[in-house]
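Participant: My structure is below; once you've seen it, I'll send some questions.
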Amino acid sequence: MNSPDSREQEIIRSWHSNAAPWSEAIRTASIASRTLVTNQAIIDAVASVAPSRVLDIGCGEGWLARALSAIGMSVTGVDIVPELIAQAVASSDTPTGHATSSGTMPGTTTFLVQDYASIASRRWRGGPFDAAVCNFSLLGLESVDSLIAAVPYYLEQSGYLLIQTLHPVAACGAEPYQDGWRVGSWQGFSGNFRDPGPWYFRTLESWRALLERCGFDILECREPKAAGTVTPASAIWIGKERER
C-alpha cells in the first residue's frame, strides 16, 4: 500500500491543533451558517430516513450525535482526534431513560477514537447501522474514496448514507470548477484557529459518481439555503445502498 498523501496527513494535524477552538465555536454557536441553516438541515435529512442506529463518521465534539439521540436514535460517533472525542463524552449528559423536553425518549450515544483507515480496511468491528452520516467531515481524496467504499460493510441491508458538504457551486470561488486540492482557510473564525489544512474540492457530478460507484443509489440532493438567500449553504446527499 502506498504511503498516505501528505495532504491527507496535514488535514489530520490541523484538526489535532484546532480541537479546542473548534469545540468552543460549536459550544457557543458562533458559526452562523450552522446555526442558521446547516445544523437543522442535516438533522432533518437523517430523520427523513427514520434510522434507529446511526454511525456519525467524523463526529467531532459530538453535537450531531447528541441531537439525533435527543429524537430517539442510538448513535455511535467516531473521530480520529482524541480531544474531540473526550469533549463529546463529557458533553453527553442526557440521562438515558428520561424523556426530553419534546416528550421523546432519547437514544444512546457512544463515542470512540477511530481513524478512517481502520473503517475503510474493515478492521473496525462496529455496526451494523441503519444509516451512516458524514457532516462536513469528508475533506480528503483517497481517504474519502476508500471510506465511502467501505460504508456498506457497516450498514444493514439497504441502509442509508447521508453526506453534508460545502456546496461546490458556492465553495468554488474563483478557482476552476473541477476536482482538485484547495488551500485551507480559517477565514471568518476566531483568531484561536491556526494551521488550516488543505481540502479536496469535488464537483456535484463527482460526488454523485462517488456514491454510485460505492454502491449507493442517490435518492436526493438537498440544497438548504438561509431565509432570503439564493446561494445554497451546503449540499446534502441522501443515498440508499443497492441490494447486495
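The values are calculated or read from the model by the stated rules, or taken from the named source; none is laboratory data. Model, not experiment: these values are computed from the prediction. Neighbour counts are summed over all protein chains in view; Cβ atoms, including those assigned to glycine, are modelled from backbone coordinates with ideal geometry. Please note that ligands, DNA and RNA were not included when accessible areas were found on the heavy atoms of the full protein model with its side chains. Shrake-Rupley method; radii C 1.70, N 1.55, O 1.52, S 1.80 Å.
Participant: Within region 158-165, can one find any residue that is at positive phi, free of Cβ contacts under 8 Å to residues at least 60 places away in the same chain and either surrounded by fewer than 16 Cβ atoms within 10 Å (Cβ to Cβ) or of a type in the set (Phe, Trp, Tyr) (or both)?
Facilitator: Going through region 158-165, the residues at positive phi turn out to be 158.
After this cut, where a residue has to be free of Cβ contacts under 8 Å to residues at least 60 places away in the same chain as well, the list is none.
Checked region 158-165: no residue is at positive phi, free of Cβ contacts under 8 Å to residues at least 60 places away in the same chain and either surrounded by fewer than 16 Cβ atoms within 10 Å (Cβ to Cβ) or of a type in the set (Phe, Trp, Tyr) (or both).
Participant: Here is a follow-up. Please specify each residue of region 1-45 satisfying the condition of being under 24 Å from Ala117 (Cβ atoms) and free of Cβ contacts under 8 Å to residues at least 40 places away in the same chain.
Facilitator: Met1, Asn2, Ser3, Ser6, Gln9
Participant: Based on what the data block shows, is Arg213 modelled with pLDDT of 95 or more, basic (Lys, Arg), closer than 14 Å to Leu162 by Cα and surrounded by fewer than 19 Cβ atoms within 10 Å (Cβ to Cβ)? Spell out how you get there, then give the answer.
Facilitator: Working: modelled with pLDDT of 95 or more: yes; basic (Lys, Arg): yes; closer than 14 Å to Leu162 by Cα: no; surrounded by fewer than 19 Cβ atoms within 10 Å (Cβ to Cβ): yes.
Against the criterion (modelled with pLDDT of 95 or more, basic (Lys, Arg), closer than 14 Å to Leu162 by Cα and surrounded by fewer than 19 Cβ atoms within 10 Å (Cβ to Cβ)), Arg213 does not qualify.
Participant: Do the conditions hold for Arg194, that is, is it assigned to a loop (DSSP other than H, G, I, E, B), over 25 Å from Ile43 (Cβ atoms) and touching a strand residue (DSSP E or B) at 6+ places or on another chain (Cβ under 7 Å)?
Facilitator: Details: assigned to a loop (DSSP other than H, G, I, E, B): yes; over 25 Å from Ile43 (Cβ atoms): yes; touching a strand residue (DSSP E or B) at 6+ places or on another chain (Cβ under 7 Å): no.
No; evaluated as a whole, the condition is false for this residue.
Participant: Let me ask something else about it. Identify all residues within region 197-210 that are open to solvent by less than 30 Å² (accessible area, probe 1.4 Å), within 26 Å of Pro21 (Cβ to Cβ) and touching a strand residue (DSSP E or B) at 6+ places or on another chain (Cβ under 8 Å); write none if there are none.
Facilitator: Within region 197-210, Pro198, Phe201 qualify.
Participant: Could you please find all residues in region 228-244 being among the polar types (S, T, N, Q) and in contact with a strand residue (DSSP E or B) (Cβ under 8 Å, 6 or more places away or on another chain)?
Facilitator: To start, the set of residues in region 228-244 that are among the polar types (S, T, N, Q) comprises 229, 231, 234.
Result: Ser234, single match.
Participant: Follow-up question, since we're still on this one. For region 119-136, state whether one or more residues are part of a helix (DSSP H, G or I), under 18 Å from Gln9 (Cβ atoms) and touching a helix residue (DSSP H, G or I) at 6+ places or on another chain (Cβ under 9 Å).
Facilitator: Yes, region 119-136 contains a residue that is part of a helix (DSSP H, G or I), under 18 Å from Gln9 (Cβ atoms) and touching a helix residue (DSSP H, G or I) at 6+ places or on another chain (Cβ under 9 Å).
Participant: Which of the residues spanning region 198-226 are part of a loop (DSSP other than H, G, I, E, B), in contact (Cβ under 8 Å) with a residue 60 or more places away in the chain and under 26 Å from Gln40 (Cα atoms)?
Facilitator: Passing the criteria: Pro224, Lys225, Ala226.
Participant: Further question: For region 216-231, how many residues meet the condition of being at pLDDT 95 or above and either open to solvent by less than 40 Å² (accessible area, probe 1.4 Å) or within 23 Å of Asp179 (Cβ to Cβ) (or both)?
Facilitator: Residues that pass the stated criteria total 8.
Participant: When residues of region 30-59 are filtered for being closer than 20 Å to Phe193 by Cβ and either β-branched (Val, Ile, Thr) or surrounded by 24 or more Cβ atoms within 10 Å (Cβ to Cβ) (or both), how many remain?
Facilitator: Qualifying residue count for the region: 4.
Participant: Pairs needed: first member in region 233-244, in contact (Cβ under 8 Å) with a residue 40 or more places away in the chain and in a strand (DSSP E or B); second member anywhere, open to solvent by less than 10 Å² (accessible area, probe 1.4 Å) and not hydrophobic (A, V, I, L, M, F, W, C); C-beta distance under 6 Å; at least 6 residues apart or different chains.
Facilitator: Ala235/His167; Ile236/Gln164; Glu241/Gly159
Participant: Can you tell me which of Ala32, Ala67 is modelled with pLDDT under 95 and on the phi < 0 side of the Ramachandran plot?
Facilitator: Details: Ala67 fails: modelled with pLDDT under 95.
Answer to the check: Ala32.
Participant: If you scan region 50-90, which residues turn out to be in a helix (DSSP H, G or I), hydrophobic (A, V, I, L, M, F, W, C) and closer than 21 Å to Ser143 by Cα?
Facilitator: Leu84, Ile85 - these are the residues of region 50-90 that are in a helix (DSSP H, G or I), hydrophobic (A, V, I, L, M, F, W, C) and closer than 21 Å to Ser143 by Cα.
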